[in-house]
Amino acid sequence: MSENMLFVFIAAVLGLLIGSFLNVVIYRLPIMMERAWRREARALLAQAADAADEAVFNLMTPPSACPQCKAPVKPWQNIPVISYLLLRGRCHNCRTAIPWRYPAVELLTGLAFAAVVWQWGWNTTGWFGLAFTAVLVALTFIDMDTQLLPDQLTLPLVWLGLLFNLHTGFVPLPQAIWGAVLGYLSLWSLFWIFKLVTGKDGMGYGDFKLLAALGAWLGASTLPVIILMAALVGIVASIVLKVARGQPMAFGPALAIAGWLVFVANGPIQQAIHWWLGKSGLL
């Protein structure tokens, strides 16, 4: 038990560090995508290049700095959670407030990493689970901010899920393949039915790819549970966050949360569903 707790603690610390990097991904990846789109549009239209879009901007360059005063972030100011507390949530140079979400993402990733290792151990499944968790955290917050689920994250997640289930994983490989196919087609079909009936887009293509990725990781049999849980999470989130009437709400975070919960607690979730179906007379 003490050895297991040590592994859980190590996973939590690793999660804090990875969470700090995920903050960079969440902020910079959408900007990188937008700049790439503008460069491609200018090339197609034979327009002159824009200096701002041509400047080097990736996950490593330029170094992190305060968005207000541009003061560089020093190493001691970049310690997950601790630096935020030491700085009392403000820039060391200009005292501008640092968004609370930075330490929140770090804490969330740390707790999620700890839960994965607690459930699966410090083994191949656990390591794959940590990668699965990190990508889902990034996708969740990017979608919340921008209504985007980048192909740079969803498509590798599909292939990583199939690789995970190739020999040892969550489900046999055939179930993983069917999970990817049915995950994509289910939301794709729902999208087009809704569009034909209403003339409006009900969701984005990124949602199809994310559910395909969850199917590749967790198998086709879990898709109904994931969709049901995602719908419930979306309803609760809309109430808690008091989403304005008519404002589109990202479905990706609800899918990501539901998929992660199935990964770490599939047994109890299935038991709860069977209990509820039995009590309601549906089983």
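The values are calculated or read from the model by the stated rules, or taken from the named source; none is laboratory data. Quick caveat: nothing in here was measured; it's all calculated off a predicted structure. A quick note on method: Cβ atoms are made from the backbone with ideal geometry, for glycine too, and the neighbour counts reach across all protein chains shown. Calculation scope for accessible area: heavy atoms of the full protein, side chains included, ligands and nucleic acids excluded. Shrake-Rupley method; radii C 1.70, N 1.55, O 1.52, S 1.80 Å.
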Quiz prompt | Extension gain from Gln68 to Met32, taking 0.36 nm per residue of separation minus the Cα-Cα distance | solution = 11.0 nm
Quiz item: Using modelled backbone amide H atoms (1.01 Å from N, in-plane), which distant-in-sequence or interchain residues come within less than 5 Å of Arg90's amide H?
Solution: Ile98
Quiz item: How many percent of the accessible area of the chain is carbon or sulfur, using a 1.4 Å probe?
Solution: 69
Quiz item: Under a 5 Å amide H to amide H cut-off, with H placed in plane at 1.01 Å, what residues pair with Leu149 once short-range neighbours are removed?
Solution: Gly206
Practice problem: Please report the relative contact order for the range 30-94, taking Cα pairs under 8 Å with a sequence separation of at least 6, and give it as a percent rounded to a whole number. | Solution: 20
Quiz item: At each listed q (0.09 Å⁻¹), what is the log10 of I(q)/I(0) that the Debye formula gives for the range 1-144 modelled as equal alpha-carbon point scatterers?
Solution: -0.37
Quiz item: With charges set only on the Cβ (+1 for Lys and Arg, -1 for Asp and Glu), what does the dipole of the range 30-129 come to about its Cα centre, in debye to the nearest 20?
Solution: 400
Exercise. Once every Cα of the range 110-192 carries one equal point scatterer and solvent is ignored, give the base-10 log of I(q)/I(0) from the Debye formula at q = 0.15, 0.16 Å⁻¹, two decimals.
Key: -0.65, -0.73
Exercise. Would you compute, from DSSP H runs of 4+ residues alone, the mean residue ellipticity of the chain at 222 nm, taking -39500 (n - 2.57) per run and dividing by the full residue count, rounded to the nearest 500?
Key: -23500 deg cm²/dmol
Self-check item: Solvent-accessible area per residue, Å², over the chain with all protein chains present [probe radius 1.4 Å]
Solution: 57
Exercise. Quick one: plug the Kirkwood hydrodynamic radius of the range 76-128 (C-alpha pairs) into Stokes-Einstein at 20 °C, 1.002 mPa s, and report D in µm²/s.
Key: 170
Practice problem: Could you run the Karplus curve 6.51 cos²θ - 1.76 cosθ + 1.60 with θ = phi - 60° over the range 23-35 and give me ³J(HN,Hα) per residue in whole Hz, x for Gly and Pro? | Solution: 4, 5, 4, 4, 7, 8, 4, x, 5, 4, 5, 4, 5
Practice problem: Over all alpha-carbon pairs of the chain, lay out the pair-distance distribution in 5 Å bins, whole %, shortest bin first. | Solution: 1, 5, 10, 13, 16, 16, 14, 11, 7, 4, 2, 1, 0, 0
Exercise. Give the accessible area for Glu3 in Å² (nearest 10); use a 1.4 Å probe, count only protein heavy atoms, and leave out ligands, DNA and RNA.
Key: 120
